[in-house]
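Here is the structure we will look at.
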Amino acid sequence: MADVRLENVVKMYGKKMAVRGVSFTCKEGEFFSILGPTGAGKTTILKMIAGIESITSGKIYFGERVVNELPPQERNVSMAFETYNLYPHMNVYDNVAFPLRAPRWKMKLTSEEERRRVEEITGFLGIDKLLDRLPQNLSGGQKQRVSLARALVRRAEVYLLDEPIAHLDAKLKFSTQTLLKEFAQKYGSTIIYVTHDFREALALSDRMVVLRRGMVEQEGVPEEIYYYPKTDFVGRLVGDPPMNFIDGILVTQNGRTVFQSSDFIFGLQSDLLEKAMKVSTEENGKKIVRLGIRPEHIYLDVTKTSENSFPLPIYAIIHENESSVVAFRLKDAFLYVRTTGFCRYQKSEKVWLVFDPERVFFYRKTVEISKEGSSEK
């Protein structure tokens, strides 16, 4: 096993820059996720680590060794793709065993050793009863687990997993996530995992990085990414419902600076004022800033309980298993509140919203927000 470190890695396709100076470190034995939307550069980075794609500039290290010029067979990595890439003429056993037989790895296992490895990993993933089947006789979920087993069967220095459970149904996806985490802990494996699903990244990762347009937007542990997003892009990408954003201006009234939107006024204590001023921008003589807060950090009440609370009528209520999501219609967007348990309020009822001041953030605007959703600027 080894650390994997990227230092200012750039990838150009002609004049198009797909990866823009990316730097991060996946520590030895760590489950590290790369999260981002389509086109963020996730798979390109994984292929550069594997040696399938060359890098334009920068350095990739395995431990203290620069691997830029090493071909894939000399990097001792194992990779699973979103597509299955199974050999149609081979049964499940032979598909999974294929990496163990590849001459480039020089493993030279006996048939007993090979079978033990194959049965161990297929049993681990719950596909050991399918060893004699051909790929055309498997479901999509079974094919994906066979593809994953083929990547995990060999003891590699680094495992590179590109959306490896994207095609599984919800129940299988959850159980396979559990197995992946167990695999990482059991074998102390170094795993770099690419996904567009923030739930997978939060559930599996020891640490993670969020990509946007080929650049690192934020790196940290899952709790940090979720509870302390550094940009509005991260706050919008991670969470369901995502972080609420309300655009407004900083206004001084009677010697006190407040955040003023089209729908409410929010007073700013010294620490919040400092954060808001730091990221505000000047437009037409006004200080423009974006307020962000998670749905679970807004509280509802029938009466005014705080100086910074304000009333709004309920637009809609969505009841879930152990919580409810209450939607409010603002001038430019919807505001969502997650309550614990079954919401006791009714649609159209006017209630008071209270923001937890410890969980309020301010950002420069980098994504456009509307009632229809969000888009990048």
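Quick look at the values:
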quantity: Residue selected from region 238-264 under the condition under 19 Å from GLU200 (Cβ atoms) and out of contact with any strand residue (DSSP E or B) (no Cβ under 6 Å at 6 or more places or on another chain), by the criterion most open to solvent (accessible area, probe 1.4 Å); calculated: ASP240
quantity: Selection within region 228-237 - of a type in the set (Phe, Trp, Tyr) and either part of a helix (DSSP H, G or I) or open to solvent by less than 10 Å² (accessible area, probe 1.4 Å) (or both); calculated: PHE233
quantity: Matching residues in region 294-319 - criterion: being surrounded by fewer than 17 Cβ atoms within 10 Å (Cβ to Cβ) and modelled with pLDDT under 90; calculated: THR305, SER306, GLU307
quantity: Region 203-227 residues that are assigned to a strand (DSSP E or B), paired with ones that are among the aromatic types (Phe, Trp, Tyr) and at pLDDT 95 or above (beta carbon under 7 Å, 6 or more apart); calculated: ARG207/PHE32; MET208/PHE32; VAL209/PHE24; ARG212/PHE233; VAL216/PHE24; GLU217/PHE233; GLU219/PHE24
quantity: Residue that is in a strand (DSSP E or B), free of Cβ contacts under 8 Å to residues at least 24 places away in the same chain and within 27 Å of LEU250 (Cβ to Cβ), where the choices are GLU274, GLU368; calculated: GLU368
quantity: Selection status of GLU7, open to solvent by 60 Å² or more (accessible area, probe 1.4 Å), acidic (Asp, Glu) and farther than 24 Å from ALA201 by Cβ; calculated: no
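This table checks each residue for (1) modelled with pLDDT of 90 or more; (2) in a loop (DSSP other than H, G, I, E, B); (3) surrounded by fewer than 16 Cβ atoms within 10 Å (Cβ to Cβ); (4) within 26 Å of the chain's Cα centre (by Cα).
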| site | (1), (2), (3), (4) |
| --- | --- |
| ILE288 | yes, no, no, no |
| GLY292 | yes, no, no, yes |
| LYS331 | no, yes, yes, no |
| TYR336 | yes, no, no, yes |
| VAL351 | yes, no, no, no |
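The values are calculated or read from the model by the stated rules, or taken from the named source; none is laboratory data. Here the structure is a predicted model, which is why all the values come from computation and not from measurement. Reconstructed Cβ throughout: ideal geometry from the backbone, glycine too, with neighbour counts over all protein chains shown. Side chains included, ligands, DNA and RNA excluded: accessible areas come from the protein's heavy atoms. Shrake-Rupley method; radii C 1.70, N 1.55, O 1.52, S 1.80 Å.
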